[in-house]
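J.: Let me begin by handing over the structure; questions about it come next.
The values are calculated or read from the model by the stated rules, or taken from the named source; none is laboratory data. In this text the structure is predicted, and so the values were computed from the model without any measurement. Backbone-built Cβ (ideal geometry, glycine too); neighbour counts: all protein chains shown.
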Amino acid sequence: MKKQEHGNRLRTPEEAYERIKQRSRDDYAKRNLALNPYWLNEKILRRLYSLFGPDNPIDPQILEDMGFNFTIRKYKKTIGSYDFEIMGKFGYILLQTEKVLICKI
């Protein structure tokens, strides 16, 4: 890494740039959440879908721990024999086994 050019700078230019990028991501997330309450739910479903896949039911406590809100939903869609609660490009259903199954639309 390059040395600081003068004594007034707290971070190197690379570190400062990374902090600016992270702050921009955080601001974008806050704006999206304020404008679209489904955004956080969809983000959580997307992350868990990539971790567990479509065929592995998971414990609903995992979703709750991540901040998932089960009270909001956009619409229902029947896929196969299940009626999924849809949030953007992802959906979920609470199975009788008290597990959550996630799907991608």
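J.: Assess whether Asn69 counts as being in a loop (DSSP other than H, G, I, E, B) and surrounded by 13 or more Cβ atoms within 10 Å (Cβ to Cβ).
T.: So Asn69 passes the test.
J.: For segment 78-94, does any single residue satisfy the condition of being among the aromatic types (Phe, Trp, Tyr), touching an Asp or Glu at 6+ places or on another chain (Cβ under 9 Å) and exposed (fewer than 11 other Cβ atoms within 10 Å of the Cβ)?
T.: No; the residues of segment 78-94 include none that is among the aromatic types (Phe, Trp, Tyr), touching an Asp or Glu at 6+ places or on another chain (Cβ under 9 Å) and exposed (fewer than 11 other Cβ atoms within 10 Å of the Cβ).
J.: Look through segment 2-43, keep the residues that are of a type in the set (Gly, Ala, Ser) and either assigned to a helix (DSSP H, G or I) or under 28 Å from Leu63 (Cα atoms) (or both), and return whichever of them is modelled with the highest pLDDT.
T.: Only one residue fits best here, namely Ser24.
J.: Related question: Tell me the residue from Tyr28, Tyr49 that is among the aromatic types (Phe, Trp, Tyr) and exposed (fewer than 15 other Cβ atoms within 10 Å of the Cβ), please.
T.: Going through Tyr28, Tyr49 in turn, the sole match is Tyr28.
J.: Taking segment 77-105 as the region of interest, how many residues are within 18 Å of Leu40 (Cα to Cα) and touching a strand residue (DSSP E or B) at 6+ places or on another chain (Cβ under 8 Å)? Working first, answer last.
T.: Here is the first cut: in segment 77-105, the residues within 18 Å of Leu40 (Cα to Cα) are 84-93, 100-105.
Pick out the ones that are also touching a strand residue (DSSP E or B) at 6+ places or on another chain (Cβ under 8 Å) and you get 84-86, 89-93, 100-105.
Qualifying residue count, segment 77-105: 14.
J.: Moving on. If we keep just the residues of segment 44-61 that are free of Cβ contacts under 8 Å to residues at least 24 places away in the same chain and in a helix (DSSP H, G or I), which is nearest to the chain's Cα centre (by Cα)?
T.: Per the criteria, the residue is Arg47.
J.: Moving on to the next point. Just to check your reading of the model, which residue among Asp59, Asp65 is modelled with pLDDT of 90 or more and touching a strand residue (DSSP E or B) at 6+ places or on another chain (Cβ under 8 Å)?
T.: None of the other options fit; the residue is Asp59.
J.: Another question about this same structure. Would you call Lys43 in contact with a Gly (Cβ under 8 Å, 6 or more places away or on another chain), surrounded by 13 or more Cβ atoms within 10 Å (Cβ to Cβ) and not hydrophobic (A, V, I, L, M, F, W, C)? Step through it out loud before you land on a result.
T.: Details: in contact with a Gly (Cβ under 8 Å, 6 or more places away or on another chain): no; surrounded by 13 or more Cβ atoms within 10 Å (Cβ to Cβ): yes; not hydrophobic (A, V, I, L, M, F, W, C): yes.
Against the criterion (in contact with a Gly (Cβ under 8 Å, 6 or more places away or on another chain), surrounded by 13 or more Cβ atoms within 10 Å (Cβ to Cβ) and not hydrophobic (A, V, I, L, M, F, W, C)), Lys43 does not qualify.
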